[in-house]
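Novice: My structure is below; once you've seen it, I'll send some questions.
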Amino acid sequence: VTGDIWVILPLICLIGGAFAVYLVARFVTGRNDCLAAFTAAIFAAALGTLVLLRFMTPGTEHLPTWGRFGPGEAFLRAEPGALVIAGVALGLGLLVALYSGHYLTLDRRYETYYPLLLLLATGLVGMVLAADLFNLYLFCELMSISAYVLVGFRRRTQTAIEASFKYLMMGSVGTVIFLLGISFVYRETGQLVLPPPSSPPLGGREGGMGAPGPWTRAGIACIVTGLGIKSAIVPLHTWLPDAHGRAPSSVSAMLSGVIVQSALYTLLKVSLGLGFPAHGLGTLLIALSLFNMTLGNSMALVQTHTKRLLAYSTVAQVGYLMLTMGIGLRYDLVGAIQAGFFLIIVQALTKGLAFLSKGVSHFYLDATTINQLHGTAARLPLVAVCFTVALGGLAAIPPLAGFTGKWFVVTNGLRSSDALGLVGLIVLLLNSLLGLGYYLPLIGALFAPPPIRHARRFRISPWMVVPLIVMGALVIAVGLYPGPWLGWTRAASVYLLELGK
Amino acid sequence: MNTETIWLLTTLGAPLAMALILVLLRGRAVRAAGWLAGAAALFSLASAFALLPALQRGDAPTFAMDWVPAANIRLELRADWLAFPFLLTEASVTLLAVVYAWGYHHLDERSPVFYALLMLFAVGMAGTTLANSMFLFYVFWELMLVASCALIAAWGEGSQRRAVALKYFIFTHLGSLMVLVGLLVLYDAAGSDSFSALRAGLELTPTLVTTVTVLFIVGFCVKMAIFPVHLWLPDAHAVAPMPVTIMLAAAMLGMGTYGVLRFPLSIFSMEQMAPFAVPMMVAGIVSEIYGALMALAERDVKRIIAYSSVSQMGYILFGLGTLTYEGIAGATLHVVFHAIVKALLFMGIGLIIHATGRRRITELGGLRGAMPLTAFCTIVGALAIAGVPPLCIFDSEWMIFAGGFRTPYLALAILSLFGSLLTVAYALWFVGRVFFGPRPPELTVERPHWAMVAPTVLLTILALVEGLVPAPVFAWVNQALAMILGGNW
């Protein structure tokens, strides 16, 4: 097996790191802060190799691959879109690891948590980099299984176990359907490698001419359904509010911030690679996004539990992402896809920050419902400010990152050449009004007077302060200065559109 | 970067910097907060005046830099004649509201944040008038909303304040979204978000022109609180603390007018706007009459004046809708004069509420003897809003009605003229109930704070002076119109 060693280095870092952290936890030190720092260092190293890899990929013509065994065939391929998502995931992972340095004293069992966090990231990075269906399936399972365990990490809480079990059941059905789809594709084509954009799609018969055959079509349907469960497409989203609402906040930040979005990206990549016409996929995504946005926001309106509210808002946010990706694919608009990748970055920041802030208030004030958040501003001023920035970002209030994202989505969406895209945009704008209905009361609760008089002000641990401030600053910075981030997503969008041609 | 550009930046920068300083100082600057904010507001007003020589030379001080080159988004500020009357109104109202707050606002450890939010509110309004690119315009437009909404939610009066703030935010955000879609359509058509691209001329299909104009007019009407999209206004004005109410009613409502002037009226030709003339005039008259009737029906003094804003914005929309030189000039002038008079009335009411602790008009009466100065100022304000000569609003209403009679729709002009009778009715009824008649025996009156009296007196003088000598302001407004209408009138 040969190839560019840079492609596999991030994965080696992460997997090796997972084992190393476990061994250190067992035999060297069981201290949380040491393990958190070590895990963060591993994330940083993986991120570093990813950055190096990025400098190795000047254009889209010669993508670095690993494991070449034929022309255009590989195990892993450093596609630009995969690099964006893996970069976002590793950056978020780094901050989450630091954050856990104090947050996890609530739950302990450090020797399980940190390796699982690293394996979760391994699965994600591997899944987006994978260039053949077999590896993709394996990494997807690795990611999912780590996620099931992390959701049920508070094993003494019954609701957490219930949520984890529900997630496990639905997730497994998803992966089984996904596997079934892969076997259909294999039955007809006899191979599993997803071709690069210049070559014909895998499903195309006889040298790539013509549409995919019947088995491949059935396979694509299964794969879209299977990955649709992972990316919480309504009506396959029912596991998400439980899982994201019950996991420890640090885990929810990862799950809501990047995992769901990476599953959606994989869905796009695989179905386009198998020959699903871009126009049809775009139409499907736009149609489904209407339900995701409306249902997610309506359900979030009636929640009393903060994390469940944030989880339903994730369903809506995935809807925004589906809409812009759908518009991009249906009308062949690079800008809309670019807005989609920009939204992925924005969602990781805003959703991550929201869950992390929620976690701090849970840690110090034991607040789980919205009413229990009253007085956060008096007792944890930093958390109130960061939470407000995150919620303002999610509600797309200018000049925060969420608004800039929505600006790009709508400007590019307006170029859609028929009514479907415009209907989607109108639904999106009405939904952003609906969103205010729960984001603003949540902000109001943070700044409401505390339930007890003379409430004590807490000193927040620096392990939590650093991630909160970094992410809060990024939400503002990305909103005010989106240029470089937008530039970063350019190649990814062009690549994804090329894949559909 | 020349001197004018520096003044342009300090107009915005002084309040913005002061907001940051106050937030950073927080508890350490409780006593100084009001003074610091006042100094920043004064500096901002002075900077706005410092732009005048350049404007009179025919220049437009501009600050421009690239922001997001990939998406053709630029960061541009520009002071031109259209922006100037609004900028001046906003900066003066902010200064007076801050001075008024020295007397009205109870100091506590959150006071620096209160003044910081007032400053941000001012930055939002100044930025809205000065922005020369769409992205920036929308950022400031929403900053105005966010800051005022936070002020209402945190410092509002009554237990309903957070519900009112939520209603205010969602309602006006609906208008903002319409404006946003309008902006994005223009951005797409022009290929750049700079207003310079719009001035260069646009090629839009007639359907798109109609859509964009409807979006802009309805969106800005939400901010202007035109019936039936005025629903946020009475609650927000009644619940907000008085300095915020003053800024909302006197300055922020004008921003809706600015939007109508800046976007549909400047970009599109009068032929393209012609189909919207009658709907705008009709909506204006409906709003004028409805607001006045509601003001007559209200019992809370603050809500009476709040409904009077709905009515006054009706005059402005009517003036804009005439699409004549007189009507539009009158509407713009009315924004400035309405700001003076509305600030004066709210200040007078604030003095009454502060002195008596009562807001229901049925529990007030006979205050003429107990508070002679307040009574005089408020009566002048009420007469001014009723359009009595020689007070300032008479001048602008004259222009608006004159514009109405220039159109072919004489019936509408006559209707709006007779509608103004209702304005007289509620103004006189209000004055009569509060200052004349028997005084309830248990009504006690406290001495007002000088910081609340001084701006009230100043505005009273201004209302009179502007009525007698409207020429300077009128000249500035005229320059703005020459810009919009191209001077071919």
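The values are calculated or read from the model by the stated rules, or taken from the named source; none is laboratory data. Note that this is a predicted model, so its numbers are computed, not measured. Virtual Cβ from ideal backbone geometry, glycine too; neighbours counted across all protein chains shown. Surface accessibility is based on the protein's heavy atoms, side chains included, excluding ligands, DNA and RNA. Shrake-Rupley method; radii C 1.70, N 1.55, O 1.52, S 1.80 Å.
Novice: Could you pull out the residue among A:ALA445, A:ALA455 that is open to solvent by less than 10 Å² (accessible area, probe 1.4 Å) and more than 21 Å from the chain's Cα centre (by Cα)?
Specialist: A:ALA445
Novice: Let me ask something additional. Please enumerate the residues belonging to region B:107-116 that are surrounded by fewer than 24 Cβ atoms within 10 Å (Cβ to Cβ), part of a helix (DSSP H, G or I) and not polar (S, T, N, Q).
Specialist: Just the residues of region B:107-116 that are surrounded by fewer than 24 Cβ atoms within 10 Å (Cβ to Cβ), to begin with: B:107-111, B:113.
Next, from what is left, pick out any that are part of a helix (DSSP H, G or I): B:111, B:113.
Once the filter is applied, which keeps residues that are surrounded by fewer than 24 Cβ atoms within 10 Å (Cβ to Cβ), part of a helix (DSSP H, G or I) and not polar (S, T, N, Q), region B:107-116 yields only B:VAL113.
Residue-by-condition table, conditions (1) modelled with pLDDT of 85 or more; (2) at the interface with another protein chain (Cβ under 10 Å from one of its Cβ atoms); (3) touching a Leu at 6+ places or on another chain (Cβ under 7 Å):
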residue	(1), (2), (3)
A:ASP418	yes, no, no
A:ALA445	yes, yes, yes
A:PRO450	no, no, no
A:PRO462	yes, no, no
A:ALA477	yes, no, no
A:LEU480	yes, yes, no
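Novice: When you scan region A:396-416, how many residues do you find that are among the aliphatic types (A, V, I, L, M), under 21 Å from B:LEU151 (Cα atoms) and at the interface with another protein chain (Cβ under 9 Å from one of its Cβ atoms)?
Specialist: 1
Novice: Give the residues of region A:411-434 that are surrounded by 22 or more Cβ atoms within 10 Å (Cβ to Cβ) and assigned to a loop (DSSP other than H, G, I, E, B), sorted by residue number.
Specialist: Of everything in region A:411-434, just one residue is surrounded by 22 or more Cβ atoms within 10 Å (Cβ to Cβ) and assigned to a loop (DSSP other than H, G, I, E, B), namely A:SER416.
Novice: Continuing with the same structure: I need a count of the residues in region A:365-393 that are in a helix (DSSP H, G or I), within 17 Å of A:PRO449 (Cα to Cα) and open to solvent by 10 Å² or more (accessible area, probe 1.4 Å).
Specialist: The number of residues fulfilling the criteria is 10.
Novice: Kindly provide the set of residues from region B:99-136 that are among the β-branched types (Val, Ile, Thr), away from every other protein chain (no Cβ under 13 Å) and closer than 17 Å to B:PRO241 by Cβ, ordered by number.
Specialist: B:VAL99
Novice: Go through region B:396-417 and give me each residue that's under 24 Å from B:LEU296 (Cα atoms) and surrounded by 24 or more Cβ atoms within 10 Å (Cβ to Cβ).
Specialist: Listed by number, the residues that qualify are B:SER396, B:GLU397, B:ILE400, B:SER416.
Novice: I'm checking my understanding of the structure. Among residues of region B:137-156 that are facing chain A (nearest Cβ under 9 Å) and open to solvent by 10 Å² or more (accessible area, probe 1.4 Å), which one is farthest from the chain's Cα centre (by Cα)?
Specialist: If we take residues in region B:137-156 being facing chain A (nearest Cβ under 9 Å) and open to solvent by 10 Å² or more (accessible area, probe 1.4 Å), then B:ALA154 is farthest from the chain's Cα centre (by Cα).
Novice: Still on this structure, please answer the following. When you check B:VAL98 against the structure, is it at pLDDT 90 or above and open to solvent by 40 Å² or more (accessible area, probe 1.4 Å), yes or no? Please lay out each step first, then the result.
Specialist: Details: at pLDDT 90 or above: yes; open to solvent by 40 Å² or more (accessible area, probe 1.4 Å): no.
No; evaluated as a whole, the condition is false for this residue.
Novice: A follow-up question, please. Looking at region B:443-461, which of its residues are buried (at least 19 other Cβ atoms within 10 Å of the Cβ) and either touching a helix residue (DSSP H, G or I) at 6+ places or on another chain (Cβ under 6 Å) or free of Cβ contacts under 8 Å to residues at least 60 places away in the same chain (or both)?
Specialist: B:PRO448, B:MET452, B:PRO455, B:THR456, B:LEU459, B:THR460 - these are the residues of region B:443-461 that are buried (at least 19 other Cβ atoms within 10 Å of the Cβ) and either touching a helix residue (DSSP H, G or I) at 6+ places or on another chain (Cβ under 6 Å) or free of Cβ contacts under 8 Å to residues at least 60 places away in the same chain (or both).
Novice: Restricting to helices (runs of 4 or more DSSP H) lying wholly in region A:220-338: which have 3 or more residues that are open to solvent by 10 Å² or more (accessible area, probe 1.4 Å)?
Specialist: The qualifying helices (runs of 4 or more DSSP H) are A:278-301, A:306-331.
Novice: All but one of (1) under 23 Å from A:LEU285 (Cβ atoms); (2) surrounded by fewer than 18 Cβ atoms within 10 Å (Cβ to Cβ); (3) within 12 Å of chain B (Cβ to nearest Cβ); (4) touching a helix residue (DSSP H, G or I) at 6+ places or on another chain (Cβ under 6 Å) hold for A:GLY437; state the number of the condition that does not hold.
Specialist: (1)
Novice: Might you let me know whether region B:309-332 holds any residue that is open to solvent by 10 Å² or more (accessible area, probe 1.4 Å) and either under 14 Å from the mean Cα position of the chain (by Cα) or within 30 Å of B:CYS377 (Cβ to Cβ) (or both)?
Specialist: no
Novice: Would a scan of region A:34-57 turn up a residue that is modelled with pLDDT of 90 or more, part of a helix (DSSP H, G or I) and in contact with a Phe, Trp or Tyr (Cβ under 6 Å, 6 or more places away or on another chain)?
Specialist: Yes: one or more hits.
Novice: B:GLY387: in contact (Cβ under 8 Å) with a residue 40 or more places away in the chain and either within 26 Å of B:MET347 (Cβ to Cβ) or outside any helix (DSSP H, G or I) (or both), yes or no?
Specialist: So B:GLY387 does not fit the description; no.
Novice: I've got another one for you. Tally time: how many residues in region B:126-144 are closer than 16 Å to B:GLY256 by Cβ and touching a strand residue (DSSP E or B) at 6+ places or on another chain (Cβ under 9 Å)?
Specialist: So the answer is 6.
Novice: Going by the structure shown, is B:LEU88 away from chain A (no Cβ under 11 Å), at pLDDT below 95, part of a helix (DSSP H, G or I) and surrounded by fewer than 24 Cβ atoms within 10 Å (Cβ to Cβ)?
Specialist: Taking the combined requirement at face value, the residue satisfies it.
Novice: Restricting to region B:62-85, name every residue that is open to solvent by less than 50 Å² (accessible area, probe 1.4 Å) and farther than 17 Å from B:ALA126 by Cα.
Specialist: Selection gives B:TRP67, B:VAL68, B:ALA71, B:ILE73.
Novice: Residue by residue through region B:423-434, note down the ones that are touching a residue at least 60 places away in the same chain (Cβ under 8 Å) and surrounded by fewer than 19 Cβ atoms within 10 Å (Cβ to Cβ).
Specialist: Within region B:423-434, B:ALA425, B:TRP429, B:ARG433 qualify.
Novice: Might you let me know whether region A:484-493 holds any residue that is under 30 Å from B:THR172 (Cα atoms), away from chain B (no Cβ under 12 Å) and surrounded by 19 or more Cβ atoms within 10 Å (Cβ to Cβ)?
Specialist: No, region A:484-493 contains no residue that is under 30 Å from B:THR172 (Cα atoms), away from chain B (no Cβ under 12 Å) and surrounded by 19 or more Cβ atoms within 10 Å (Cβ to Cβ).
Novice: Here's a follow-up. Starting from residues that are assigned to a helix (DSSP H, G or I) and out of contact with any Asp or Glu (no Cβ under 9 Å at 6 or more places or on another chain), keep the ones in region B:46-61 and report whichever is most open to solvent (accessible area, probe 1.4 Å).
Specialist: B:GLN56
Novice: Now, a different point. Look at region B:123-164 and say how many of its residues are farther than 30 Å from B:ARG199 by Cα, touching a residue at least 24 places away in the same chain (Cβ under 8 Å), part of a helix (DSSP H, G or I) and not β-branched (Val, Ile, Thr).
Specialist: The qualifying residues number 7.
Novice: For region B:180-219, what are the residues that are away from chain A (no Cβ under 11 Å), among the hydroxyl-bearing types (Ser, Thr, Tyr) and farther than 30 Å from B:THR62 by Cα?
Specialist: Correct list: B:THR205, B:THR207, B:THR210.
A quick yes/no check of all residues on (1) of a type in the set (A, V, I, L, M, F, W, C); (2) not in a helix (DSSP H, G or I):
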site: B:GLY175; (1), (2): no, no
site: B:GLY182; (1), (2): no, no
site: B:ALA197; (1), (2): yes, no
site: B:GLY201; (1), (2): no, yes
site: B:VAL218; (1), (2): yes, no
site: B:CYS221; (1), (2): yes, no
site: B:PRO228; (1), (2): no, yes
site: B:HIS237; (1), (2): no, no
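Novice: Sticking with this one: Condition first: farther than 28 Å from B:VAL113 by Cα, open to solvent by less than 20 Å² (accessible area, probe 1.4 Å) and more than 8 Å from chain A (Cβ to nearest Cβ). Can you find one or more residues in region B:157-179 that meet it?
Specialist: Yes - at least one qualifying residue is present in region B:157-179.
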